[in-house]
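FYI, it's all coordinate maths here, none of it is from the lab. Everything numeric here is computed off the predicted structure, so don't read it as measured data. Using ideal geometry, Cβ is built from the backbone for each residue, glycine included, and neighbour counts are taken over all protein chains shown.
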Amino acid sequence: MEKFIPDESRLKSVEENYKAVKFNVEEAAIKAGRNPEDVRLMAVTKTVESPYINRAIELGANLIGENRVQEYLGKREELKLDGVEKHLIGHLQTNKVKYIVGEVDMIESVDSLKLASEIDRLSQKKGIVSDVLVEVNVGREDSKSGIYAEQLEELIYEIAELQGVRIQGLMTIPPICDSDSEVRKYFESMYKSFIDIRDKKIDNVNMNILSMGMSGDYEAAIASGSNIVRVGSAIFGARKYF
Ligand SMILES: *Cc1c(COP(=O)(O)O)cnc(C)c1O
């Protein structure tokens, strides 16, 4: 493979962007009356070349999210991942589970018992417990993965039975909205589900993480109780798809 030469001006803008987003996340937490340390900033690295990701890591990014199994496995040798937590955030096909179990710290996109069972099977085979989030399709969009809110509780009880999987919380991608107040309704509804399930204290289920908010709406998500915001383009610039 030819060595990729990063663009200096893009490295510079990643640096500025990362600092600005980090600052905004802290400000949004403070404005919401929350402790800034309770909100983690995830750098979403899909389609981004390694030198730009490493620049964000140098600046303190300690949580990265990748969408595709293959892309992550192909890139990670070039990444400075010491002390960095890795989450898979993209839709995961059952036949790809074998490549990713044990390779990331969390799978945020679990939305069916079938997928959870395959993660369970392969985790038990490796002698590990895989941390997962359950992805909710809060806007009930055909184009999105995730379980509908009214089926969430049942799915969580089913997954709770699996000894190789541990639910740590919920993740969502809301519909594209025209205003903060519109997107806030989805975030508030997620927060309510999160609290409702947490209060049930289900065995083998932790409700610690509510992963929601992206480049366009992370401040609104923080106001609604998110504790992981997943930010890609606001840090790395617009994505080019190949
Ligand atoms: C791409 C992606 C993000 C980040 O999106 P941006 O709008 O670029 O911040 C967050 N979450 C998931 C699941 C994604 O696929």
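Computed over the alpha-carbon atoms, the stretch 98-242 gives an Rg to Rh ratio of 0.98, Rh here being the Kirkwood radius from the mean inverse distance.
Only helices reaching 24 angstrom along their own axis (Cα) with mean Kyte-Doolittle hydropathy no lower than -1.0 count here, and for the DSSP H runs of the chain these are 8-31.
Computed with the Debye formula from one identical point scatterer per Cα of the stretch 4-102, without solvent, the log10 of I(q)/I(0) at q = 0.20, 0.22 Å⁻¹ comes to -1.03, -1.15. One decimal place: the segment E154-E77 gains 23.8 nm when fully extended, by the rule 0.36 nm per residue minus the C-alpha distance. A Cα-only calculation for the stretch 47-178 places Rg and Dmax at 15.3, 46 Å.
Quick one: length gained pulling E2 to K126 fully straight, 0.36 nm per residue minus the C-alpha distance?
41.2 nm
Grab the beta carbon distance between A238 and K19, set R0 = 22 Å, and tell me the FRET efficiency rounded to 0.05. Here the calculated transfer efficiency is 0.70. Backbone phi angles across the stretch 74-89, fed through the Karplus curve with coefficients 6.51, -1.76 and 1.60 (θ = phi - 60°), yield HN-Hα couplings of x, 8, 5, 4, 8, 9, 8, 8, 4, x, 9, 8, 10, 10, 8, 10 Hz in residue order; Gly and Pro are listed as x. For the stretch 86-125, the list of GluC sites (Glu not before Pro) that fall in a loop by DSSP and count at most 16 other C-beta atoms within 10 angstrom reads E103. Here the Karplus curve 6.51 cos²θ - 1.76 cosθ + 1.60, taken at θ = phi - 60°, turns the phi angles of the stretch 131-136 into couplings of 7, 9, 10, 9, 8, 10 Hz, with x standing for Gly and Pro. Strictly over 30 Å apart at the Cα level, which of K31/K80; K86/K126; K80/K114; K3/K240; K12/K240; K19/K96 would you flag in this model? Cα-Cα > 30 Å for K31/K80; K80/K114; K19/K96; rest within. Residues whose amide H lies under 5 Å from that of E85, counting only those 5 or more places away or on a different chain, are L63, I64; hydrogens are built 1.01 Å from N in the peptide plane. Over the chain, DSSP H runs of length four or greater, each weighted -39,500 (n - 2.57), average out per residue to a 222 nm ellipticity of -12500 deg cm²/dmol. For V110, nonlocal amide neighbours, meaning residues 5 or more places apart or on other chains whose placed amide H falls under 5 Å from its own, are L133, E135. Going by neighbour counts of Cβ atoms within 10 Å, the residues T45, T94 line up, fewest first, as T94, T45. Cβ-Cβ distance of S181 and E141, R₀ of 22 Å, FRET efficiency by 1/(1 + (r/R0)^6): the value works out to about 0.70.
Between G232 and V44, S215, the built amide H atoms are under 5 Å apart, and every one of these is 5 or more places off in sequence or on another chain.
Rounded to the nearest whole Hz, the Karplus-based 3J(HN,Hα) values (6.51 cos²θ - 1.76 cosθ + 1.60, θ = phi - 60°) of the stretch 63-68 follow the sequence 8, 10, x, 10, 8, 10, with x at glycine and proline.
Tally Lys and Arg at +1 and Asp and Glu at -1 over the other residues with C-beta under 13 Å from the C-beta of N17: what net charge comes out?
+3
Other residues whose C-beta falls under 15 angstrom from the C-beta of G213 contribute a net charge of -3, scoring Lys and Arg +1 and Asp and Glu -1. Reported value for the chain: 133 Å³ per residue, from the convex hull of its C-alpha atoms.
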